[in-house]
1. Can you tell me how many residues in the stretch 54-89 are under 25 Å from Asn102 (Cα atoms), buried (at least 19 other Cβ atoms within 10 Å of the Cβ) and not aliphatic (A, V, I, L, M)?
2. Among the residues of the stretch 161-197, how many are under 21 Å from Pro74 (Cβ atoms), surrounded by fewer than 18 Cβ atoms within 10 Å (Cβ to Cβ) and at pLDDT below 80?
3. For the subset of the stretch 131-160 comprising residues that are assigned to a strand (DSSP E or B) and open to solvent by 10 Å² or more (accessible area, probe 1.4 Å), which member is modelled with the highest pLDDT?
4. Any residue in the stretch 144-155 that is among the aliphatic types (A, V, I, L, M), closer than 19 Å to Ile83 by Cα and without any contact (Cβ under 8 Å) to a residue 40 or more places away in the chain?
Amino acid sequence: MSLHRLALAALAAAGLAAPAWAQETDYGQPSQYSEGVDTYSQEEMVDAVADFFGVTAEAAAAVVERVFSDLGRPVGYVAGEEIAGAVGVGLRYGEGYLTMRNGERAHVYWQGPSIGFDTGGNASRVFVLVYNMDDPDRIYRRFPGVEGSAYFVAGLGVNYQRADGMTLAPIRSGVGLRAGANVGYLAYSRRRNWLPF
């Protein structure tokens with residue numbers, strides 16, 4: 001049994017799996033909002049990521065270019081901080097602000113479990129590129145991670161989460177980044193939830 005199937009079976013047995021795990025995804029398609037909708041340019045996101053993490057524009061460009069190549073131009077972003085830790089089973093908690101290109105802003109919290117072969121902990125800043133979201137209220141739901149979508153470029157890590165056609169691309173700083181393979185989801189909410197489910 002593959003690692004992915006084993007982890008999914010463990011999640012299902014623990015009652016953590018969401019139906020979206022079984023959905024096939026295609027991340028080679030650019031955002032459907034890439035034309036005709038107000039979006040952020042690659043240059044804007046490179047500058048924002050560089051400023052947020054305090055890294056060079058070259059380091060920020062390396063990871064942002066990868067996401068833009070896969071997903072196109074985002075309609076918004078979340079800037080915040082989180083703490084996470086794992087010994088096989090992990091937990092992650094975060095808080096930040098969603099800023100849409102049209103100027104709308106919303107306070108957002110996130111939390112979620114993971115299971116897999118990873119160990120460690122970290123406190124890090126997180127910058128999330130947001131795709132195919134026409135209403136900020138749509139972020140308040142579960143977003144499962146996508147198998148095989150984790151990349152590490154220039155000291156920054158990025159992975160993709162998808163639900164109902166929306167995609168989130170969280171970029172995390174490399175300091176204290178957990179190493180290993182895991183599956184899980186993040187639930188975004190209007191207020192802090194200490195139970196990650």
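The values are calculated or read from the model by the stated rules, or taken from the named source; none is laboratory data. Keep in mind that what you see is a predicted model, and the values were worked out from it rather than measured. Backbone-built Cβ (ideal geometry, glycine too); neighbour counts: all protein chains shown. For the accessible areas, the whole protein counts, side chains as well, though only heavy atoms, and no ligand, DNA or RNA atoms are used. Shrake-Rupley method; radii C 1.70, N 1.55, O 1.52, S 1.80 Å.
1. If we filter the stretch 54-89 for residues that are under 25 Å from Asn102 (Cα atoms), which is where we start, we get 57, 60-61, 63-81.
Okay, now just the ones that are also buried (at least 19 other Cβ atoms within 10 Å of the Cβ), so 60-61, 63-64, 67-68, 70-78, 80.
Then keep just the ones that are not aliphatic (A, V, I, L, M); that gives 68, 70, 72-74, 76-77, 80.
Count: 8.
2. 0
3. First pass over the stretch 131-160, keeping only residues assigned to a strand (DSSP E or B): 131, 142-145, 151-153, 156-158.
Remaining after also requiring open to solvent by 10 Å² or more (accessible area, probe 1.4 Å): 142, 145, 151-153.
Numbers: Arg142: 94, Gly145: 82, Tyr151: 76, Phe152: 79, Val153: 78.
It comes out as Arg142.
4. Residues of the stretch 144-155 among the aliphatic types (A, V, I, L, M): 146, 150, 153-154.
Pick out the ones that are also closer than 19 Å to Ile83 by Cα and you get 150.
Subsequent filtering for residues that are without any contact (Cβ under 8 Å) to a residue 40 or more places away in the chain retains 150.
Scanning the stretch 144-155, I find at least one residue that is among the aliphatic types (A, V, I, L, M), closer than 19 Å to Ile83 by Cα and without any contact (Cβ under 8 Å) to a residue 40 or more places away in the chain, so the answer is yes.
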